[in-house]
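Below is one structure, written out as structure tokens; comments come after it.
The values are calculated or read from the model by the stated rules, or taken from the named source; none is laboratory data. What you see is a predicted model, and the numbers here were worked out from it, not measured in a lab. Because the Cβ atoms are built from the backbone with ideal geometry, glycine has one as well, and the counts that use them run over all protein chains shown.
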Amino acid sequence: MTLQNNYLHDVREQYEHLPYPPRDPQDESKRLITTWLDDLPMINHYCYAGRQSFRNGFRALVAGGGTGDGTIYLAEQLRNTGAEIVHIDLSAASIEIAQRRAQVRGLANVRWLHGSLLDLPDLDVGEFDYINCSGVLHHLADPNAGLAALLKVKKASGALGVMVYGQYGRTGIYQMQELLRLINRTTAEPAEKLATAKEVLKTLPPSNWFRRGQDLHRDHLVFGDSGLYDLLLHSQDRAYTVEEIFRWFSDGYGLHLQFTDVGRGRSSYMPDMLVGPHSPGFLADVCARPLREQYAVAELLSGALTMHSFFATQSAANVAPYGDAEQIPFFFHEPVTGPQLSALIHKSKVAPFVFNHAHTGITKAVDQGKFGKFILKYIDGKRPFADVFALVRAEDQFKRSPPGDTELFADFQPLYDFLNAIDRLLLQHPSAAG
Ligand SMILES: C[S@@+](CC[C@H](N)C(=O)[O-])C[C@H]1O[C@@H](n2cnc3c(N)ncnc32)[C@H](O)[C@@H]1O
């Protein structure tokens, strides 16, 4: 395919010379890199109401796929399913790395396109069930034109997994970008710009905002020159508040958004998850506001959201419904089991139960209900709620007046809401179970 002119020259140059993230294809024989938005169980829960089997000729597009992290992870999970993954990127150097990674893994389910995602509607590539576009739209001259192009090749029933930069969390980065533009005003040479940036980083006074927020930014430390250039010397880079994303995707295109911060799920957008176990006075009022206002409060309260990751689907009905006894609950993202959690709650003897969640750093008091520890005990990732509940009803102490499904769902709701908000407890319908 010939590359049209539908892209920014400087952006392409950057990723031809400094593919991002830098990856050594040989590492594929040692480890698999997973990407938060591309876990099939997450896509199933948030985009397909838990009912996607991924075995009916599933088609995924990775737009601006770079050196292949999302593509390789999707292709690996979809191996031998009849699925096709299409990887498109502006940078031939990045595609080559991604292709070599696929070769090392023996993956043959990826189609490679060298081009601009803005041209997708004219490329005769068909329509897609899932489109990953991570860290790309904010590098386009017109990000909305990029989104419009993606929506044209998305199936009506399909979904997007998007990551764009977060404005407040990147405050220090934009000050550094501005500073380096000023200092580098007399050179257009990438190597010189990089050398100056390294000098500047070494001499930052403690008052500097980038230095104050250095625990938020790691690209320049872990990804060498590629990371440094991408973070501080990019020629086209903008960021969004969560409210701007709602206006763009929801108001503009009627899409339903499900935010899921890497490692933390939507808890990063929930004020009550950020303030610790003791509810401050303002919380009840804030938590009664529309979701999107709560998210705006949480974003400012935290200040640490450097990126926004989210699924965009046709409607809220795309999310697996809590309250359907056919759905199978299962633990994900952490090797914790239902019986282990049940035992923890059983031991604590304190109500409400206080979660001290190490991975997210969240401390939160959660009402464990009357049946919570019994329900958890029977969650094994195979039983639907109906079977879990039947086992609870058969417990000696509940036999005499067994609780119905409605009562059990209501009782377990706070625990489900907490565990689901951190994306540790998800749902799958038996029709999709492999
Ligand atoms: C920051 S990297 C992200 C790569 C990948 N999505 C990931 O998360 O690892 C941005 C990528 O977008 C690509 N890109 C930028 N503008 C593009 C366009 N108009 N069409 C296709 N790819 C583009 C760049 O070449 C680069 O590989």
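Looking only at the stretch 8-37, how many residues end up being aliphatic (A, V, I, L, M), more than 9 Å from the ligand (Cβ to nearest atom) and within 29 Å of ALA191 (Cα to Cα)?
Total satisfying the criteria: 1.
Conditions tested, residue by residue: (1) touching a His at 6+ places or on another chain (Cβ under 7 Å); (2) more than 9 Å from the ligand (Cβ to nearest atom); (3) in contact (Cβ under 8 Å) with a residue 24 or more places away in the chain; (4) β-branched (Val, Ile, Thr).
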{"site": "LEU78", "(1), (2), (3), (4)": "no, yes, yes, no"}
{"site": "LEU90", "(1), (2), (3), (4)": "no, no, yes, no"}
{"site": "GLU96", "(1), (2), (3), (4)": "no, yes, no, no"}
{"site": "GLN103", "(1), (2), (3), (4)": "no, yes, yes, no"}
{"site": "ALA108", "(1), (2), (3), (4)": "no, yes, no, no"}
{"site": "LEU117", "(1), (2), (3), (4)": "no, no, yes, no"}
{"site": "LEU123", "(1), (2), (3), (4)": "no, yes, yes, no"}
{"site": "VAL136", "(1), (2), (3), (4)": "no, no, yes, yes"}
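When you scan the stretch 249-268, how many residues do you find that are farther than 14 Å from MET307 by Cα and either over 18 Å from the mean Cα position of the chain (by Cα) or within 15 Å of the ligand (Cβ to nearest atom) (or both)?
Result for the stretch 249-268: 4.
If ASP24 passes every condition in (1) farther than 21 Å from LYS193 by Cβ; (2) in contact (Cβ under 8 Å) with a residue 40 or more places away in the chain; (3) acidic (Asp, Glu) but one, which one does it miss?
(2)
Within the group GLU178, GLU192, GLU199, which residue is within 18 Å of LEU221 (Cβ to Cβ) and either modelled with pLDDT of 95 or more or under 20 Å from the mean Cα position of the chain (by Cα) (or both)? Walk me through how you get there before you give the answer.
Values: GLU178 fails: within 18 Å of LEU221 (Cβ to Cβ); GLU192 fails: within 18 Å of LEU221 (Cβ to Cβ).
One residue alone meets the criteria, GLU199.
Determine whether ASP230 is among the acidic types (Asp, Glu), part of a helix (DSSP H, G or I) and out of contact with any Asp or Glu (no Cβ under 9 Å at 6 or more places or on another chain). Explain how you work it out, then say what you get.
Working: among the acidic types (Asp, Glu): yes; part of a helix (DSSP H, G or I): yes; out of contact with any Asp or Glu (no Cβ under 9 Å at 6 or more places or on another chain): no.
No.
If you check GLY50, GLY70, which single one turns out to be in a helix (DSSP H, G or I) and under 20 Å from GLY158 (Cα atoms)?
GLY70
Just to confirm my filter: which strands (runs of 3 or more DSSP E) fall fully inside the stretch 250-334 and include at least 2 residues that are touching a Ser or Thr at 6+ places or on another chain (Cβ under 9 Å)?
Working: elements: 256-259, 307-313, 328-331.
The qualifying strands (runs of 3 or more DSSP E) are 256-259, 307-313.
Are there any pairs with C-beta distances below 8 angstrom linking a residue in the stretch 406-434 that is aromatic (Phe, Trp, Tyr) to a residue that is loosely packed, with under 14 Cβ neighbours inside 10 Å and not in a helix (DSSP H, G or I), with the two at least 6 apart or on different chains, and if so which?
So the pair list comes out as PHE409/GLY323.
Select, from ALA288, ALA317, the only residue that is out of contact with any helix residue (DSSP H, G or I) (no Cβ under 8 Å at 6 or more places or on another chain) and in contact (Cβ under 8 Å) with a residue 40 or more places away in the chain.
ALA317
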